[in-house]
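Here is the structure we will look at, set down as structure tokens.
The values are calculated or read from the model by the stated rules, or taken from the named source; none is laboratory data. Since the model is a prediction, treat every value here as computed from it, not as a measurement. Ideal geometry is used to build each Cβ from the backbone, glycine not excepted, and the neighbour counts take in all protein chains shown. Areas reflect the complete protein model, heavy atoms only, side chains present, ligands, DNA and RNA absent. Shrake-Rupley method; radii C 1.70, N 1.55, O 1.52, S 1.80 Å.
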Amino acid sequence: MNFTTALKAVATAGAMALMMSTAASAVTLQMHNGADPGSIDPHKASGDWENRVIGDYIEGLLTEDAAGDAIAGQAESWDISEDGTVYTFHLRDGITWSDGVPVTAGDFVYAFQRLFNPNTAADYAYLQFPILNSEAINSGEITDFDQLGVKALDDKTLEITLNASTPFFLDALTHYTAFPVPRHLVEKLGDDWTKVENVVGNGPYLIKEWLPGSYVRSEKNPDYYDAANVQIDEVFYNVLEDQAAALNRYRAGEFDILTDFPADQYQWLQDNMAGQAHVQPFLGIYYYVMNQEEGQLLSDIRLREALSISVLRDVIGPDILGTGELPAYGWVPPGTGNYVENAYHPAWADQTYDERVERAKSLLAEAGYGPDHPLTLQLRYNTNDNPKRIAVAISSMWEPLGVKVDLFNAETAVHYDALRAGDFQVGRAGWLLDYNDPSNTLDLLKTGVSQGDSINWGNNYGRFSNDEFDALMVQASSEQDLAKRGEMLAAAEKIAMDEFAAIPIYWYVSKNVVSPKITGFEDNAKDIHRTRWLTKAE
């Protein structure tokens with residue numbers, strides 16, 4: 001056993017001892033959280049594994065109920081102007097940060113200004129671009145932050161002005177990009193405010209410990225306004241990307257909830273742990289991005305088309321994963337609100353697979369690739385059973401085209417860092433809708449925001465850029481007629497998919513495993529399950 005392994009063993013043993021010592025006096029939830037959080041700062045985070053932690057210790061103006069629907073959070077009520085562009089929020093009495101400092105409307109103003117500040121470089125800032133002047137501030141076009149459409153009328157009253165009426169805005173406020181941050185700490189400590197010894201919260205839980213690579217531990221916040229109804233006293237957000245190992249620990253009683261599991265174990269779970277596997281459709285898409293920056297191999301649309309049409313999506317859900325995921329040919333998940341009835345469906349999807357393969361071969365030949373000059377690509381994915389299984393399957397689907405694929409895997413944080421940096425050719429990605437509106441997925445394909453001499457591409461990992469697509473997205477953002485807006489967004493989707501902006505593979509299903517000891521867990525379209533709604537029978 002080397003020194004690093006020994007340290008990990010000691011840390012794990014210490015964690016287990018702590019779990020056992022607290023079990024007698026407190027109700028402890030052991031949650032499998034997948035990857036290690038890259039950050040617990042709401043302006044620096046980007047994954048659902050971070051959202052689970054952040055959404056428990058910080059609360060926004062609105063929050064989610066057990067069904068994932070938007071409900072009152074730090075704001076107890078709000079008023080909306082007749083034209084739908086001005087929202088006035090009234091904060092609850094007595095809300096405080098966990099160090100006793102009051103939560104004020106000024107904290108929200110400061111947080112939104114920090115989110116849009118180009119120096120923050122928040123990848124998710126665009127989610128709140130419906131706010132007046134936010135995009136211009138984020139790009140550096142406007143440098144006076146007082147022009148942002150977020151104002152504190154007094155300590156308990158916040159006014160937010162939008163560019164135009166936005167049907168999903170309240171839902172968007174449940175996202176962590178809209179969370180307040182403690183101005184008094186951020187101004188004093190900078191990014192160090194999220195170190196465990198410094199961090200404060202205003203949510204139902206408070207972060208007490210973070211052992212990177214092992215777990216984040218939070219405890220119930222006694223000063224939370226609804227603390228009397230919070231039943232779980234302590235939460236361990238356990239870091240473990242090996243899904244098979246996570247399932248083994250669940251079977252051993254070490255985990256209460258799994259947030260994913262190996263797809264090939266679904267039938268075993270149904271047969272041996274009936275009712276504990278929760279597999280439900282929800283609003284999300286699993287896809288591959290292709291690096292389209294100028295000079296990159298896949299800036300050639302012929303190559304992108306060949307790779308996409310040769311993926312046999314129909315077998316992935318039922319055969320490769322075994323959990324019934326439906327094939328995706330478009331970009332907006334079925335059932336998304338404020339959209340058209342007949343979503344994008346390309347003509348090539350109705351061709352036989354043999355016809356598609358022949359078309360792909362001819363495209364490669366036209367681009368100069370063939371037996372004597374094979375196309376060679378690196379396909380990156382995060383270390384996880386299911387992405388590996390899919391990567392192996394898709395690389396085999398590309399073999400008949402003469403494409404040679406080098407599979408490369410890395411831990412989740414490292415993988416997504418590479419995607420953001422543009423250090424890839426083809427990479428696995430996924431998106432879970434933050435709010436029920438087609439713009440939430442389509443925004444992933446907008447041209448990045450210029451910030452000085454560089455472009456912040458946000459979550460547009462493939463660097464797809466199309467002026468007509470961007471113009472339609474801007475036009476749709478101010479369209480008041482929801483039907484017309486839906487048509488504009490559908491037209492934008494068609495442009496992006498016809499240019500093979502990415503390779504949609506399947507529509508997500510949530511895959512949780514929940515112990516019979518847990519109640520209050522409700523399957524929902526967002527797959528968000530805040531700990532405050534859960535109870536556990538010891």
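For the range 466-489, a residue qualifies if it is hydroxyl-bearing (Ser, Thr, Tyr) and either in contact with a Cys (Cβ under 8 Å, 6 or more places away or on another chain) or farther than 17 Å from Thr441 by Cβ (or both), and exactly one does: Ser478. Exactly one residue among Leu127, Leu158 is open to solvent by less than 20 Å² (accessible area, probe 1.4 Å) and within 24 Å of the chain's Cα centre (by Cα), and that residue is Leu127. Among the residues making up the range 433-446, those that are under 13 Å from Ala172 (Cα atoms) and open to solvent by 20 Å² or more (accessible area, probe 1.4 Å) are Asp434, Asn436. Would you check if there is a residue in the range 307-324 being open to solvent by 10 Å² or more (accessible area, probe 1.4 Å), part of a helix (DSSP H, G or I) and closer than 23 Å to Thr447 by Cβ? Within the range 307-324, none of the residues are open to solvent by 10 Å² or more (accessible area, probe 1.4 Å), part of a helix (DSSP H, G or I) and closer than 23 Å to Thr447 by Cβ. Would you mind stating whether Gly68 is modelled with pLDDT of 95 or more, within 29 Å of Leu283 (Cα to Cα), open to solvent by less than 30 Å² (accessible area, probe 1.4 Å) and not hydroxyl-bearing (Ser, Thr, Tyr)? Answer is no for this residue. If the Cβ limit is 7 Å and pairs must be 6+ apart or interchain, which residue in the range 108-127 that is free of Cβ contacts under 8 Å to residues at least 40 places away in the same chain pairs with which residue that is open to solvent by 10 Å² or more (accessible area, probe 1.4 Å) and in a helix (DSSP H, G or I)? If the second residue must be open to solvent by 10 Å² or more (accessible area, probe 1.4 Å) and in a helix (DSSP H, G or I), the pairs left are Gln113/Phe145. For the range 522-538, a residue qualifies if it is of a type outside the set (Asp, Glu) and within 20 Å of the chain's Cα centre (by Cα), and the qualifying residues are Asn524, Ala525, Lys526, Ile528, His529, Arg530, Thr531. Restricted to the range 436-458, and to residues that are part of a loop (DSSP other than H, G, I, E, B), closer than 21 Å to Ala343 by Cβ and not acidic (Asp, Glu), which residue is farthest from the chain's Cα centre (by Cα)? Ranking the qualifying residues of the range 436-458, first place goes to Lys446.
Checked against the criterion of being within 29 Å of Asp69 (Cβ to Cβ), out of contact with any Ser or Thr (no Cβ under 8 Å at 6 or more places or on another chain) and not in a strand (DSSP E or B), the candidates Lys484, Lys494 yield just one match: Lys484.
The set of residues in the range 134-155 that are of a type in the set (Ser, Thr, Tyr) and either at pLDDT 95 or above or open to solvent by less than 10 Å² (accessible area, probe 1.4 Å) (or both) comprises Ser134, Thr143.
One line per residue, one yes/no per condition, for (1) at pLDDT 90 or above; (2) crowded, with 19+ Cβ neighbours inside 10 Å; (3) under 16 Å from Asp434 (Cβ atoms):
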site: Met19; (1), (2), (3): no, no, no
site: Leu29; (1), (2), (3): yes, yes, no
site: His32; (1), (2), (3): yes, yes, no
site: Ala35; (1), (2), (3): yes, yes, no
site: Asp41; (1), (2), (3): yes, yes, no
site: Ile54; (1), (2), (3): yes, yes, yes
site: Tyr57; (1), (2), (3): yes, yes, no
site: Leu62; (1), (2), (3): yes, yes, yes
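Take the residues in the range 328-379 that are among the β-branched types (Val, Ile, Thr) and surrounded by 15 or more Cβ atoms within 10 Å (Cβ to Cβ), then tell me which one is farthest from Leu433 (Cα to Cα). Looking at the filtered set, the residue picked out is Val357.
When the range 63-108 is filtered for residues that are touching a helix residue (DSSP H, G or I) at 6+ places or on another chain (Cβ under 6 Å) and not hydrophobic (A, V, I, L, M, F, W, C), only Asp107 remains. Quick check, is Ser218 outside any helix (DSSP H, G or I), among the small types (Gly, Ala, Ser) and under 24 Å from the mean Cα position of the chain (by Cα)? Spelling it out, Ser218 is indeed outside any helix (DSSP H, G or I), among the small types (Gly, Ala, Ser) and under 24 Å from the mean Cα position of the chain (by Cα). Considering (1) open to solvent by 10 Å² or more (accessible area, probe 1.4 Å); (2) of a type in the set (A, V, I, L, M, F, W, C); (3) farther than 14 Å from Leu307 by Cβ, the lone condition that Leu401 does not fulfil carries the number (3). Just wondering, is there one or more residues in the range 472-479 that are open to solvent by 10 Å² or more (accessible area, probe 1.4 Å), β-branched (Val, Ile, Thr), assigned to a helix (DSSP H, G or I) and on the phi < 0 side of the Ramachandran plot? The answer is yes, given that some residue of the range 472-479 is open to solvent by 10 Å² or more (accessible area, probe 1.4 Å), β-branched (Val, Ile, Thr), assigned to a helix (DSSP H, G or I) and on the phi < 0 side of the Ramachandran plot. Checking the condition surrounded by 15 or more Cβ atoms within 10 Å (Cβ to Cβ), out of contact with any Asp or Glu (no Cβ under 9 Å at 6 or more places or on another chain), on the phi < 0 side of the Ramachandran plot and aliphatic (A, V, I, L, M), which residue from Ala172, Ala178 passes? When all the criteria are applied, what remains is Ala178. Among the conditions (1) farther than 22 Å from Val53 by Cβ; (2) open to solvent by less than 20 Å² (accessible area, probe 1.4 Å), Ile495 misses just one, which is (2).
Within the range 214-245, restricting attention to residues that are in contact (Cβ under 8 Å) with a residue 12 or more places away in the chain and more than 29 Å from Glu59 (Cα to Cα), the residue that is surrounded by the most Cβ atoms within 10 Å (Cβ to Cβ) is Gln243.
Of all residues in the range 309-360, which are of a type in the set (D, E, K, R) and closer than 16 Å to Ile394 by Cα? Once the filter is applied, which keeps residues that are of a type in the set (D, E, K, R) and closer than 16 Å to Ile394 by Cα, the range 309-360 yields Arg313, Asp314, Asp319, Glu325, Asp354, Arg356.
Could you look through the range 256-271, keep only residues that are hydrophobic (A, V, I, L, M, F, W, C) and more than 23 Å from the chain's Cα centre (by Cα), and pick out the one that is surrounded by the most Cβ atoms within 10 Å (Cβ to Cβ)? My answer is Leu269. Taking interchain pairs and intrachain pairs at least six residues apart, which have beta carbon atoms under 6 angstrom, with the first residue in the range 80-98 and farther than 18 Å from Val109 by Cβ and open to solvent by 50 Å² or more (accessible area, probe 1.4 Å) and the second modelled with pLDDT of 95 or more and not aliphatic (A, V, I, L, M)? Here the result reads Ile80/Tyr87, each pair linking the range 80-98 to a residue that is modelled with pLDDT of 95 or more and not aliphatic (A, V, I, L, M).
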